[in-house]
Every structure is written in C-alpha cells, then in structure tokens.
Amino acid sequence: MKGIVAQNISRKFGRVEALRNVSFEVNQGELFGIIGPDGAGKTTLFRILTTLLLADSGAGEVDGFDIVKDFRKIRQRVGYMPGRFSLYQDLTVEENLKIFATVFNTTIEENYGLIRDIYEQIEPFKKRRAGALSGGMKQKLALCCALIHKPTVLFLDEPTTGVDPISRRDLWEMLVKLKKEQITILVSTPYMDEAGLCDRIALMQHGRLLKIETPAGLAKQFTDALWAVRSLSMSKLLTDLRRHPQVETCYAFGDAHHVTLKAGLLKPEELAAYLAGLGHSDIGVEPITATVEDCFMNLAANKIEL
Amino acid sequence: MRCFTSWPARPGATELNMKQFKAFIRKEFYHIFRDPLTMAILFLLPILMLTLFGFAITTEVRNTKIAVYDPSKDAGTMAILNRMEASEFFEITRELSSPDDIESVFRQGRIGLLVVFSERFYENLVHTGEAQIQLLADGSDPNNASVVVNYATAIIAASQQELISRTGGAMPYQITPEVKLLYNPQMKGAYNFVPGVMGMIMMLICAMMTSVSIAREKELGTMEVLLVSPMKPIYVILAKAVPYFFMSVINLTTILLLSVFVLDVPIAGSLFWLIILSLIFIFVSLSLGILISSVVDKQLVALLISGMVLMLPVILLSGMMFPLENMPWLLRALSEIIPAKWFIMAVKKIMIKGLSYSSITRELLILGSMAVVLIAVSLKRFKTRLE
C-alpha cells in the first residue's frame, strides 16, 4: 500500500486551471517534496488530498483510502498544516495544543514523545497567545498541533514560508526525525534549497508536475556546464549576459547569475573579457554544480516539450 | 513495511464526543471573553439600547411647560391647576395677566400648552352647570400636542368629578369626552419599544454574532484544520452556537430586569410563556446565523448580511418603530416572513397586555415552524468540505 496516490487529478477555478493531470505516488514513510513557485497549484493539490476540495477529475488515495468516498477515515488519520497560520491567535500556545488534542480524541501526554523535540523549543512561551508568537514559533506550534494525534500521513503546505533560517532548519530536522517514525510526509515549499532534504521531489509549475526525481538524480540530469557569473553591477550584468549570442540561459540567483553556454563555443575567459569590455569590474566566472533550482529553471523553460 | 493495524482508528471517533464538544464550547467562551469588542456588543449594547430608547428617544410627555390665563382665580380653577401642577406631566411656568399675551407666549416657543379659563369659572359651573376651559397646544408637533391635550383633558375630567362631589352632586350630570388608552394609559414609550429591543438584541446576538464567529474560523483558516479532523463539522458549528445561546439567555434576563425595575414596564402575563416564546425566537435567530455562515466566508460579509438582511427588516418591518398598518401591501407581505415581527407581536400580548398563552398560539406555531425549517435548511446546506 502506498502512503499517497494521485491519479490524473485536475481542478479548475472558473477558467483558471489550478491542476492539470497531476499524478504521483508517495511510499509509506517517505519524505516527498513538492517544489514550485507561488501559484503553481500546490495548495489546491494539498486541499484535494486532504479531502477539503473535490477534484474535477482524477482519483486519489491516502493510506489506501479513497479521497472522496472515505474522506471521514482519512480525516481521522492525517495531520494537516495549511500554508497560512491556522491556529487560534487569541488562545495561548498550550490552549491551542490542548484543543487540537481534544479534537483528535487524544491528550498532549499520550503522544508527547512525538512532539517533544519541537515543543520544548516553544514551551517557555506556552502561556503566550499564539498571535503574539514569531513566524518560526507559530509554525513550530502548528506542526505540534498537526502531530499531536500521531498521524500516519502528514501534509505540510509551505511550512517554512515566512520563517527565519534557524527555525527553518529546526523544522526540517524535525521532518527528517518524523520520517524515522514511519510517518509519510508530503511537504511543499517554494524554497529550492530545502528540496535536497527530501527523499524525492516533484517539480511543479502552472498546475503541472514537471518531473519527479530524487534530488541527486535531478542534479545528475543537468548535463550542461554551469557557470556562476558575478560582477559589481548585477542587474546590468544580467542584461549584458542575456544579450550575448553564445549564452544559452541566464538566471538571477542569490549572489550570482547562473549561466549555461551554447555547446562549448565560448570559453569562460572570453566571456570575462566580453564583460570587461562592457565596463564591468570585479568579474568572476566559476564552474558550479547544478542545484534543484537550476534544474527547475531548466525544466520550466522547456515545459512545452513535457 | 509497517503493519497497518498498529494504527487503530480511535474508538467512537465519528460519534458525538461530549469531551470534544465541551472543550470546544470552552474554547468559544475564550474567544468571546478575550475580545473586548465582542464583550461590548454582548453586554453593553443591550443595556445601552434599552437606556437610549428608555430615556433619550422617548415619545413620552413629561414636564410639559404650561402657561395659564386665569381671570377667575376661584375654587374651581385652583382645583384644576393644583391637580395639573401635581402631576408629573405638567409644570406651570407662566401666568398670563391679559389675553393679549397668548400669541406672544407661544411665539416664544417655551410652553407646550396654554390653559385659558373663562371668567367667573366656578360660579358659572355651579349655577349654570357650564364653564369653559380652552386648551391651546402647539400644533407644530401634532403627536406631542395630541398627547398633551389628552393628558390635560384627563386631569380636567378628574377635577370635575371632585368638584361635583364637593357640591354634593347638586350639579346636573355632564357628559365629558374621555379618551382612554388601553394597556398603556400613560402612553409610555417603554411599552412599545421593550418588545422591539428584545427582538433586535436576540437577532443581533444570535444571528449576527454566530455567523460572524463561524465566518471568522473560515477567514482565519482554522476551519480548514478543523475539517481535516475526526470532529464532525456539524458539531463544530453547534458548539459555536451554544455559547451564543447562553449569552442570549443572559441578555434576555438583563433586558427583563431592566424593563421591570428601571423602565417600570411590568411583565403583565405569564413569565413562563414569555421565556418559552423567547427561547423559540433564539433558536430561529441561531439557525439564521448558521444559515448565513454557510454561504459566506468573510467576517465582514457575514456582518453586512446580518445587518442588511436581518437587522434592517427587524427595525423597519417588525412594527417596532413604524406601524405596519400604514405600509404598502408589498412591505406588509414582506413583514410576514420577518421572525422578529411575530416575536414582538407575541411579546406585546404576553408581557404588556397580560393575555394568556392561548392568544399567542399562532405566533408560537409560526416561529416554531420557522425554527424547524431554518434548522433543516442550514443543516442541509452545511458543507463538509471547503466549498
């Protein structure tokens, strides 16, 4: 039995096609990531799998239960953390946890072992109202609430959006730990750097899954040589690079532009010279290995072929 | 692979679990007590409305200033004037020395009524059995004028009785026009608005607050989490209605206590039936609130709908402020489906007129069926998914 199965799920909102023929399978105990920018359809997919929305077509199963027929059974066994902070802001940390434990017919004590690691981090603030917590603590509390009934499948819709880098790391450490408890986890994120921690990832854009791969497998498929190019004026650099006839692709990343060149006709030194000629200074051109984001950009650019 | 049976479904997970239900109601009370605005609406608004209608916006006539032209100054006129001065409605502020002042005293606009006695008033009354009093009121406010004249007529009639008895019944029998107002002899405004305010406040608290609080769960996303839980959505909704039911009962008590002890509106009929009637109306309002919340997702929209669709008709079409008899037939027909109209009608019968419960059978039946239909519709419309 699979943890999660989605078969050709499509869903429209008016004329907008939020999901188009989405199919994938998640093994039990697998940490599966859905990576894609805002508006890719991630939340709609989560809502359909958590029985909150009905698909226009297609079918799905969670823990072997049909997402339409057996929705009550699914609701008893999954944990769901929506993308937006969805706890009671006027209740304290402790009250929130308690109410969700009661809603799931359990107590905090019963499954405390599961949430201990993360709850200990927010416990000093347990008398504080949830609305007054920082972004990272809010998400930790939300994760505790989603875990309090020891779900078999955990749906986390962008758990790290709006969270500081340290809390992001804490949350991901927690997910890796939960995997050891044999909990199936479906997690979505717009941050490509988090993808490396998943067992497998699905790249999503415009309601379609572009590719399903392991992070390592994805990087391996990126066969073109990749260069990180820097200079003092990065925005001018981007236009200059894109204007060069030998540049295949050029995308702006955090501190450098990632560039692929057309079939080895241009040497990096020549590119640097070209840029120097255009008045750039402090030019750096270094070879790098592809990240998930590079793969995503690459796939997204070629999506017509898919 | 992990064995499936090691994760048994919790027993009775889909049944109504009292512990869940209670925890949820407690949570709802936290929401209410922690939000100053909600608290203000729940507890201050009823008192505010009642006092506002009771003391500020009143149709009652009190301490009307009167001027007197009394050329006789005899036992008869004294008797009448003393009686007027003694009543809480009138206050004699001016005595005119000549009839020429009549117009100027009105033009100054400070008096509401002018009493003019004929000359040799008592003498004429005793000997001819006839004496004239002229009552002049300021017709620019016709309602007020007619009320003032009614009061004055009543006082004069009473004085006349006294004078008759003083002369030992020697006077010939006189027919005096007497205007008597049934049920509300002093035309107290409170008699009219207490039932109206009751209807408004019940509607406000039950329908508006319930629909807004359910919409809040949707708007803030908590409904999403609650839906993906073993708790049946309908119990989530019912648990939200329970606290507002309690609040309405508390408010009902406050309103009744205020009416009886502050506004001097007694409960003339059976308190038991008044409470039964109110409870049915509370159910109608609660189910209206739940119905509204099943179609809206935003607190503001819930507020607007309950305001426009519920409160306005209650104020305009329930007969609370404007008499329904004078309305065009379309509005009158529309008023038939306003629950508050029936409630207010029945409250007037039981509380003000003191009629027995058999007089409100029709209202009880109508409100009862409204409650059943609304609860059925809102349960049917209730969604187990997000849309």
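Table for the structure above
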| item | result |
| --- | --- |
| Selection count, region A:86-102, where residues are at pLDDT 90 or above and either within 16 Å of residue B:21 (Cβ to Cβ) or hydroxyl-bearing (Ser, Thr, Tyr) (or both) | 7 |
| Filtered residues of region A:68-84 (kept if surrounded by fewer than 21 Cβ atoms within 10 Å (Cβ to Cβ), within 7 Å of chain B (Cβ to nearest Cβ) and not in a helix (DSSP H, G or I)) | A:84 |
| Residue among A:131, A:79, A:64 that alone is among the small types (Gly, Ala, Ser), within 26 Å of the chain's Cα centre (by Cα) and farther than 23 Å from residue B:23 by Cβ | A:64 |
| Near pairs, Cβ below 8 angstrom, 6+ apart or cross-chain, from region A:10-24 (surrounded by fewer than 20 Cβ atoms within 10 Å (Cβ to Cβ)) to any residue that is part of a strand (DSSP E or B) and of a type in the set (Ser, Thr, Tyr) | A:10/A:57; A:17/A:10; A:20/A:10; A:21/A:10 |
| Single residue of region A:286-306 satisfying the filter (of a type in the set (Val, Ile, Thr) and farther than 14 Å from residue A:255 by Cβ) that is modelled with the lowest pLDDT | A:304 |
| Matching residues, region A:38-86, being farther than 21 Å from residue A:104 by Cα and among the hydroxyl-bearing types (Ser, Thr, Tyr) | A:43, A:44, A:57 |
| Enumeration of residues in region A:52-66 that are within 11 Å of chain B (Cβ to nearest Cβ) and aliphatic (A, V, I, L, M) | A:52, A:53, A:54, A:62 |
| Failed criterion for residue B:222 (all others in (1) within 14 Å of chain A (Cβ to nearest Cβ); (2) under 26 Å from residue B:46 (Cα atoms) hold) | (2) |
| Unique match (being under 30 Å from residue B:232 (Cβ atoms), at pLDDT below 85, out of contact with any strand residue (DSSP E or B) (no Cβ under 9 Å at 6 or more places or on another chain) and assigned by TED's automatic domain parsing to the domain that holds residue B:238) among B:25, B:41 | B:41 |
| In region A:85-122, residue nearest to the other protein chains (Cβ to nearest Cβ) [restricted to those that are part of a helix (DSSP H, G or I), aromatic (Phe, Trp, Tyr) and touching a helix residue (DSSP H, G or I) at 6+ places or on another chain (Cβ under 6 Å)] | A:100 |
| Qualifying residue in region A:159-168 (condition: within 13 Å of chain B (Cβ to nearest Cβ), more than 24 Å from residue A:40 (Cβ to Cβ) and touching a residue at least 12 places away in the same chain (Cβ under 8 Å)) | no |
| Test result for residue A:240, not in a loop (DSSP other than H, G, I, E, B) and not assigned by TED's automatic domain parsing to the domain that holds residue A:196 | yes |
| Leading residue by the ranking (farthest from residue A:124 (Cα to Cα)) among those in region A:169-191 that are within 13 Å of chain B (Cβ to nearest Cβ) and of a type in the set (Val, Ile, Thr) | A:184 |
| Among the candidates B:278, B:335, B:318, residue that is without any contact (Cβ under 8 Å) to a residue 60 or more places away in the chain and within 18 Å of residue B:193 (Cα to Cα) | B:335 |
| From A:141, A:133, A:186, residue being touching a residue at least 60 places away in the same chain (Cβ under 8 Å) and either aliphatic (A, V, I, L, M) or more than 28 Å from residue B:35 (Cβ to Cβ) (or both) | A:186 |
| Helices (runs of 4 or more DSSP H) (entirely within region B:159-259) containing at least 2 residues that are among the small types (Gly, Ala, Ser) and modelled with pLDDT of 80 or more | B:189-203, B:210-219 |
| Residue list for region B:88-119, restricted to those being assigned to a loop (DSSP other than H, G, I, E, B) and surrounded by 15 or more Cβ atoms within 10 Å (Cβ to Cβ) | B:89, B:111, B:112, B:118 |
| Residue A:26 vs. criteria more than 7 Å from chain B (Cβ to nearest Cβ), farther than 26 Å from residue A:214 by Cβ and among the aliphatic types (A, V, I, L, M) | no |
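Matching residues to (1) over 28 Å from residue B:266 (Cβ atoms); (2) within 14 Å of chain A (Cβ to nearest Cβ):
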position: B:307; (1), (2): yes, no
position: B:317; (1), (2): no, no
position: B:325; (1), (2): no, no
position: B:330; (1), (2): yes, no
position: B:337; (1), (2): yes, no
position: B:364; (1), (2): no, no
position: B:370; (1), (2): yes, no
position: B:387; (1), (2): yes, yes
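The values are calculated or read from the model by the stated rules, or taken from the named source; none is laboratory data. This structure is a prediction, so every number in the text was calculated from the model and none was measured. Using ideal geometry, Cβ is built from the backbone for each residue, glycine included, and neighbour counts are taken over all protein chains shown.
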